[in-house]
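The structure appears right after this line, and notes come after that.
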């Protein structure tokens, strides 16, 4: 089995502040990167213990959150900005059998979720796909599902785990912190969080081998509505092909192909 791993920063134990830790100019950003890399390395250990042959880690945090020198020696890393063209990325992802997520946060608007947001924490109020609120977990699971990859495992903040469980039947989740609000949480120790991730992801692979999880696929056609905090952001969004203005703050897109719309 070959695994494609997506990582983020805001769902990692010990990372609780956008300003101090998650933004690249934060005073503790480098320390936050080490915490992310520690959880990723624990996940790699668990995958290796479960017999996974290869893992490609996609550094999914906007400014990058993997400490390259500390990364597990058995991992491959997909990194750099801007991200590759979607067509090239799809070619890479199709080489893998399943995907997992480490360090994930919940969607924008979840009251108890620490650092909740969807894509851009400065501009996006909410995304709806075919009338259903979705966040980054839904985007990832549906995009991977469109490429034939099931989502087996997610670690992160407790609300993110609930979000994933609502989307994907049979997924294994590990909560490493409990959000109390957008800027506060109760975290497990780094050591305990890593131990639970290591065990949980190995269990996820074993369970998938016995009872395979299906890729997440929603029937089309698809209507994606993006609501922004500010009208000028919606103005800028209207420069994209196929954009349709709903009102001052909402722009929508339509497609018959999930791969073409879920990251519009």
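A short reminder: the numbers here are calculations on the coordinates, not readings from a lab. Treat the numbers as computed from the prediction; the structure is a model and nothing was measured. Here the Cβ is made from the backbone with ideal geometry for all residues, glycine too, and neighbour counts use every protein chain on show.
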Got a sec? How would 66, 197 order by Cβ neighbour count within 10 Å, fewest to most? 66, 197
Pull out the extension gain between residue 48 and residue 69, defined as 0.36 nm times the separation in residues minus the alpha carbon to alpha carbon distance; nm, one decimal. 5.6 nm
For 136, 10, 178, what's the fewest-to-most ordering of other Cβ within 10 Å of each Cβ? 178, 136, 10
For the chain, give the share of DSSP beta bridges that are antiparallel, in percent and rounded to the nearest 5; count only bridges with both residues there. 45 percent
C-alpha center-to-center spacing [the stretch 213-229, the stretch 156-207] in angstrom: 23 Å
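Semi-axes of the equivalent ellipsoid for the chain, please: Cα gyration tensor eigenvalues, times 5, square-rooted, ordered largest first, whole Å. Intermediate values should be presented prior to the final figure.
Values: eigenvalues 154, 98, 57 Å².
Three semi-axes, in Å: 28, 22, 17.
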Which length gain, in nm to one decimal place, applies between residue 223 and residue 211 when the Cα-Cα distance is subtracted from 0.36 nm times their residue separation? 1.1 nm
Can you tell me, using C-alpha contacts under 8 Å and at least 6 residues apart, the relative contact order of the chain as a whole percent? 21 percent
With a point put 7 Å past each Cα toward its Cβ, work out how far residue 95 is from residue 2 in nm, to one decimal. 0.6 nm
Using Cα atoms only, what is the angle between the long axis of helix 190-210 and the major principal axis of the chain, expressed in degrees (0 to 90) to the nearest 10? 80 degrees
If you rank 124, 15 by fewest surrounding Cβ atoms within 10 Å, what's the result? 124, 15
How large is log10 of I(q)/I(0) for the stretch 119-264 at q = 0.12 Å⁻¹ when the intensity is taken from the Debye formula with one equal scatterer per alpha-carbon? -0.60
Only residues of the stretch 127-151 count here: report those whose backbone N is under 13 Å from the spot 7 Å along Cα→Cβ of residue 232, or say none. none
If the label point is 7 Å along Cα→Cβ of residue 246, which residues in the stretch 107-126 have backbone nitrogen under 11 Å from it? 126
Once you have the Cα-Cα distance between residue 86 and residue 186, take 0.36 nm times their residue separation minus that, and quote the gain in nm to one decimal. 32.4 nm
